[in-house]
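Where a number appears in this text, it was derived from the coordinates with a stated rule and is not lab data. All of these numbers come straight from a predicted model, not from anything done at the bench. Using ideal geometry, Cβ is built from the backbone for each residue, glycine included, and neighbour counts are taken over all protein chains shown.
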Amino acid sequence: MNRVKKYRKQKGLSQMALAKKIDVARQTINLIENDKYNPSLDLCLKLAHELNTDLNTLFWDGDAKDGSKGN
């Protein structure tokens, strides 16, 4: 699971607008949001930068941020 859709919507961007900003097809954004495409590291970095977040927050499970880390 990733949070691309959540962060994209928080910024008020459509899939097309985000795709244009990072130079990919709108379909690529849709596939990433629906966990049907594993983006390259370069694309992950572009997404994180454009969405003003980091890779961990955008692509990894947030369970550790809910207080379960370090038990």
Practice task
Let me have the relative contact order for the stretch 1-55, percent, based on Cα pairs under 8 Å that are six or more residues apart.
Solution key: 33
Fill in the blank from the handout: Expressed in nanometres to one decimal, the distance between label points 7 Å along Cα→Cβ at Ala25 and Leu41 is 2.6
